[in-house]
Amino acid sequence: MAMAKGYAATDASKPLVPFSFERREPGDDDVLIDIKYCGVCHSDIHQARNEWGNSSFPMVPGHEIAGIVRAVGKNVTSFKVGDRAGVGCFVNSCTKCATRDVEVEQYLPGLIATYNGFEADGVTPTHGGYSDHIVVKEGYVLRIPDNLPLEAAAPLLCAGITLYSPLRHWKAGPGKKVAIVGMGGLGHMGVKLAHAMGAEVTVLSQSLSKKEDGLKFGANAYYATNDAATFKMLAGTFDLIICTVSTGIDWNAYLGLLKVDGSMVLVGAPENPVPVHAFALIPGRRSLSGSMIGSIKETQDMLDFCGEHGIAADIEVIDIKDVNEAYGRVLKSDVRYRFVIDMASLD
Ligand code: NAP
Ligand code: ZN
């Protein structure tokens with residue numbers, strides 16, 4: 001066992017505080033990564049505040065991890081000391097399966113979350129990336145393309161893959177009209193990725209305050225959802241709507257923006273149930289779906305795609321002592337567009 005330093009939520013109503021804990025020594029199949037940067041995802045906030053009702057404390061959040069390999073076990077072949085490495089939302093997936101399903105492993109029951117989960121023994125808690133190092137099985141470690149700065153690549157490990165996967169699954173590309181609802185951490189990645197895939201991209205944001213940035217990220221159009229005229233003007237427009245909003249909104253109004261056979265995909269995960277009227281779906285044979293991150297294979301595809309297209313997150317780098325303030329700003333949609341913790345600030 002080695003001691004790790006980090007920040008933890010000790011209960012749902014308290015700010016994060018400095019926290020020391022034990023990490024396992026790397027085994028033969030493990031990679032030990034010195035964490036350099038970790039993104040702040042809205043899911044960290046939902047879980048640190050137990051908004052999904054599944055939190056266990058103390059909790060070291062963080063699943064947008066980018067760092068440098070410090071050590072590898074003797075069976076590890078794809079990473080060596082000094083390599084750039086990433087870790088996303090899960091650190092194991094096949095604990096209950098005979099063979100690892102590399103296509104849809106994120107939906108399997110044996111998934112072990114990077115934090116707020118338990119190792120395969122069912123008792124040892126997993127702790128995330130708001131910390132100085134992490135030990136992860138080789139098969140769950142990602143390669144970060146050399147041309148992307150580590151700090152701007154970190155958010156790809158969750159925000160990037162969470163948008164890339166549904167964009168690919170629902171075939172965003174030339175001739176497809178895609179709307180991204182909410183331009184925060186996930187949403188701004190969605191705009192960049194959908195644009196790079198060749199889709200026609202529209203942002204639906206609460207106001208026009210971030211319009212210039214949206215167009216810079218590759219959006220073809222940008223509308224304010226606080227203007228009722230938007231919903232009239234865009235009725236029946238989109239093949240695909242990806243909703244990244246972290247709270248309840250009028251889902252029925254957004255469903256009305258889909259074309260016949262269009263799909264709205266929820267990736268935003270609000271605390272409360274989603275009320276939908278049958279007649280928001282029936283006329284137009286519309287679908288409402290959900291999507292969760294992506295497999296390790298797809299995450300690597302996404303990172304390689306981002307490397308080829310020079311895509312990374314727009315970020316604000318912060319010291320770890322400022323993480324509670326950053327949470328407050330995320331809740332006010334006051335982030336451009338992802339906070340990333342510089343782990344050197346732990347010293
Ligand atoms: P974020 O940076 O806070 O972005 C959320 C955006 O939603 C905000 O920037 C804002 O966009 C919009 N929004 C917030 N409050 C709103 C309101 N009252 N009405 C309308 N729009 C509102 O959060 P994030 O990190 O991107 O995460 C977004 C959600 O996705 C969270 O619920 C998170 O837990 C979830 N998530 C899901 C997955 C998955 O696998 N499915 C993975 C990661 C995160 P505008 O300012 O543009 O309006
Ligand atoms: Zn996340």
**Fill in**
For residue 63, the lone unmet condition from (1) touching a strand residue (DSSP E or B) at 6+ places or on another chain (Cβ under 6 Å); (2) in contact (Cβ under 8 Å) with a residue 24 or more places away in the chain; (3) closer than 17 Å to residue 133 by Cβ is (1)
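Listed here are the residues, each with its yes/no results for (1) without any contact (Cβ under 8 Å) to a residue 12 or more places away in the chain; (2) over 29 Å from residue 315 (Cα atoms); (3) among the hydroxyl-bearing types (Ser, Thr, Tyr); (4) not assigned by TED's automatic domain parsing to the domain that holds residue 8.
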residue: 84; (1), (2), (3), (4): no, no, no, no
residue: 94; (1), (2), (3), (4): no, yes, no, no
residue: 99; (1), (2), (3), (4): yes, yes, yes, no
residue: 102; (1), (2), (3), (4): no, yes, no, no
residue: 127; (1), (2), (3), (4): no, no, no, no
residue: 132; (1), (2), (3), (4): no, no, no, no
residue: 138; (1), (2), (3), (4): no, no, no, no
**Request:** Determine which member of the set 29, 34, 11 is in contact with a His (Cβ under 6 Å, 6 or more places away or on another chain), outside the structural domain of residue 267 (by TED's automatic domain parsing) and surrounded by fewer than 19 Cβ atoms within 10 Å (Cβ to Cβ).
**Result:** 34
**Prompt:** Could we say that residue 68 is buried (at least 21 other Cβ atoms within 10 Å of the Cβ) and aliphatic (A, V, I, L, M) here?
**Reply:** no
**Asked** Which of the residues that make up segment 44-64 are within 11 Å of ligand 2 (Cβ to nearest atom) and not in a loop (DSSP other than H, G, I, E, B)?
**Response** 44, 45, 46, 47
**Fill in**
Filtering segment 129-153 down to residues that are under 16 Å from the mean Cα position of the chain (by Cα) and either within 13 Å of ligand 1 (Cβ to nearest atom) or charged (D, E, K, R) (or both) yields 151
**Complete:** Out of (1) within 16 Å of ligand 1 (Cβ to nearest atom); (2) touching a Ser or Thr at 6+ places or on another chain (Cβ under 7 Å), the one residue 58 does not meet is (1)
**Message:** Restricting to segment 297-347, name every residue that is of a type in the set (S, T, N, Q) and surrounded by 14 or more Cβ atoms within 10 Å (Cβ to Cβ).
**Reply:** 299, 300, 324, 333
**Request:** Answer with yes or no whether residue 115 is more than 15 Å from ligand 2 (Cβ to nearest atom) and in contact with a Ser or Thr (Cβ under 9 Å, 6 or more places away or on another chain).
**Result:** no
**Message:** Residue under question is residue 182, and the condition is that it be outside the structural domain of residue 79 (by TED's automatic domain parsing), of a type outside the set (D, E, K, R) and away from ligand 2 (no atom under 16 Å from the Cβ); does it hold?
**Reply:** no
**Fill in**
Only one of (1) more than 22 Å from residue 223 (Cα to Cα); (2) in a helix (DSSP H, G or I) does not apply to residue 186, and that is (1)
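For residues that are modelled with pLDDT of 95 or more and not in a loop (DSSP other than H, G, I, E, B), scanning just segment 87-104, find the one that is surrounded by the most Cβ atoms within 10 Å (Cβ to Cβ).
Of everything passing the filter in segment 87-104, 87 is surrounded by the most Cβ atoms within 10 Å (Cβ to Cβ).
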**Request:** Go through (1) hydroxyl-bearing (Ser, Thr, Tyr); (2) more than 16 Å from ligand 2 (Cβ to nearest atom); (3) within 18 Å of the chain's Cα centre (by Cα) and name the single condition residue 244 misses.
**Result:** (2)
**Checklist (1) away from ligand 1 (no atom under 11 Å from the Cβ); (2) of a type in the set (Phe, Trp, Tyr); (3) surrounded by 21 or more Cβ atoms within 10 Å (Cβ to Cβ) applied to residue 254, failing item** = (1)
**Asked** Just wondering, is there one or more residues in segment 105-121 that are at pLDDT 90 or above, surrounded by 14 or more Cβ atoms within 10 Å (Cβ to Cβ) and out of contact with any strand residue (DSSP E or B) (no Cβ under 7 Å at 6 or more places or on another chain)?
**Response** yes
**When residues of segment 250-274 are limited to those that are over 17 Å from residue 234 (Cα atoms) and aliphatic (A, V, I, L, M), the one modelled with the lowest pLDDT** = 274
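The values are calculated or read from the model by the stated rules, or taken from the named source; none is laboratory data. Computed from a prediction, not measured in an experiment: that's the story for all the values here. We place every Cβ from the backbone using ideal geometry, glycine too, and count neighbours over all the protein chains shown.
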